[in-house]
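Structure record follows, encoded as structure tokens.
Nothing in this text is a laboratory measurement; each read-out follows from the coordinates by a stated rule. Just so it is clear, the structure is predicted and the values come from calculations on it, not from any experiment. A quick note on method: Cβ atoms are made from the backbone with ideal geometry, for glycine too, and the neighbour counts reach across all protein chains shown.
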Amino acid sequence: MPTNLPPEARAKWIKVMEARSPEEKIRALQEFISAVPKHKGTEKLLYWARRRLRELREEIEDKKKKRSGSRGPTFFIEKEGAAQAVMVGEPNSGKTLLLSRLTNVRVEIVDYPFSTQAPKPGMLFVRDVPIQIVDTPSIVFSGEGPKWTSRVLGLARNADALMLVIDMSRNPVVQLKRALERLEEYGILLRKPKAHVGIERTSSGGINVIVNGKIVDGSIEDVKKMLRDYRIHHAIVRIFGEALLEDIEATVLGARSYKPSIIVANKMDLQEARENFYKLVETKEFNGLNMVPVSAKTGENLSQLGFKLVEVLELIRVYTKQPGGEVARTPLVLRRGATVMDVAKSIHSEIAKNFKYARVWGKSVRLDGERVGSEHVVEDGDIVEIHAKA
Ligand SMILES: Nc1nc2c(ncn2[C@@H]2O[C@H](COP(=O)(O)OP(=O)(O)O)[C@@H](O)[C@H]2O)c(=O)[nH]1
Ligand SMILES: [Mg+2]
């Protein structure tokens, strides 16, 4: 990813961000592409911009199809439950069987490649946490692949988590290497990069840069100037690790981002699978990936897969209770780091507004029923009783 794009290119990018309709976005993107100088340093950016262009064209085509009443498969799955996890993988890796094993969905396994034609959701309950699992048409990780490839990867990019399903009876090292490359081309990173940049647009307050690490090749002033070039005037920028200015620019451009992910090492019941799994684990390049060995056929380790999903999604359960009342049976599902105020807000905005204090039982407090303020951070399994002004 290049840094220091010429001002013309940045100005064009602003147009892309501001475009409302896909048609407008396409025009703006085309202009952006022609304003970007072509050299080694911009290769990835251009690749990414052209891919985005392709996706937008497909989106328009899709809409036309719908209007004309033809009923091709639709690639949008409404999110339900606490989070959405999309399964992606090559033909016959076992995605569809996994969906039927993990969720309430009953599907017919038809034994020919590319038999799944449209994405399909089902609900998995991990303890009390509902997680939507989405099965998708198979793609391949080397070469061109089927025409729905960018749609499937678009679904994955939009999901809360990605499950990369791998057939462990075939050379998994090669499969996984290619898969990682392919996903990265699509802007999906399965591991947190060494440097992580978050940009949160705000409505006022100027640009605030919080550095938990360092900016390797510039200063906070350089970051502010770059954002202003993109006409971002109010934002909180958080930098973790050792970030280059180009990492920050890549974030502005939305070109790649980390997606909580699991490598689902499937078909562990088959002969060569166990040895192959060790090969995966021992490959240095795969350090830091979450790998879960399972068998969709025998059901081996499927519950572990659920727990791992909750873990990578950073979901926690909080049980509410009214003063003098019973503990709720079903939990609120929140993200790790949530506060008592987040709990109050998910109960009711009035309760949040009239919040006085809360009592908490569980891991986040030392005493049962300890009295805490709104900023108190809750933990998985906590019971929270909120006291509000009447
Ligand atoms: N032995 C074994 N076969 C499996 C497993 N998971 C899926 N299969 C089989 O692999 C074939 C492809 O499965 P399917 O779910 O359709 O794969 P998809 O193309 O990724 O959706 C089917 O014959 C499944 O029964 C597994 O864990 N072990
Ligand atoms: Mg399938």
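Annotations
- Phi to ³J(HN,Hα) by Karplus 6.51 cos²θ - 1.76 cosθ + 1.60 over segment 18-29, Hz, x for Gly, Pro: 7, 4, 9, 8, x, 4, 5, 5, 4, 4, 5, 5
- Loop-located trypsin sites (Lys or Arg not before Pro) across segment 288-384 with a Cβ neighbour count of 10 or fewer within 10 Å are R329, R366, with loop assigned by DSSP.
- For segment 316-355, the square roots of the Cα gyration tensor eigenvalues, ordered a ≥ b ≥ c, give a/c of at least 1.5 with a/b no greater than b/c, which places it in the oblate category.
- Over the chain, DSSP H runs of length four or greater, each weighted -39,500 (n - 2.57), average out per residue to a 222 nm ellipticity of -10500 deg cm²/dmol.
- Long-range HN-HN contacts of R335 with modeled amide H, under 5 Å: I316
- Under 17 Å from K120, Cα to Cα: aspartates and glutamates that are on another chain or at least 8 residues apart: E78, E80, E90, E108, D135, D160
- Beta bridges by DSSP in segment 257-390, antiparallel share as percent, to the nearest 5: 70 percent
- Counting only DSSP beta bridges with both residues in the chain, the antiparallel share comes to about 45 percent.
- Three-way shape label, segment 288-379, alpha-carbon gyration tensor, a/c 1.5: prolate
- Listed by chain and number, the aspartates and glutamates whose alpha-carbon sits under 15 Å from that of K279, ignoring those within fewer than 8 places in the same chain, are D167.
- Isotropic mean projected area of the C-alpha convex hull, the chain (nm²): 23.2 nm²
- Within segment 2-33, trypsin sites (Lys or Arg not before Pro) in DSSP loop having at most 14 other beta-carbon neighbours inside 10 Å: R20
- Rounded to two decimals, the Cα radius of gyration of segment 1-105 over 2.2 N^0.38 Å is 1.46.
- All Cα-Cα distances of segment 191-256, cut into 5 Å bins from zero to the largest, leave 4, 19, 34, 27, 13, 4, 0 percent in each bin in turn.
- Out-of-range pairs (alpha-carbon distance over 22 Å; input K147/K194; K95/K297; K259/K308; K12/K66; K15/K65): K147/K194; K12/K66; K15/K65
- Shape call, segment 338-390: gyration tensor on alpha carbons, a/c limit 1.5: prolate
- Close amide H partners of T202, meaning residues 5 or more places away or on another chain with modelled amide H under 5 Å apart, are H234, A235, I236.
- For H387, the amide hydrogen comes within under 5 Å of the amide hydrogens of K356, Y357, A358, R359, counting only partners 5 or more places away or on other chains and with H modelled in the peptide plane.
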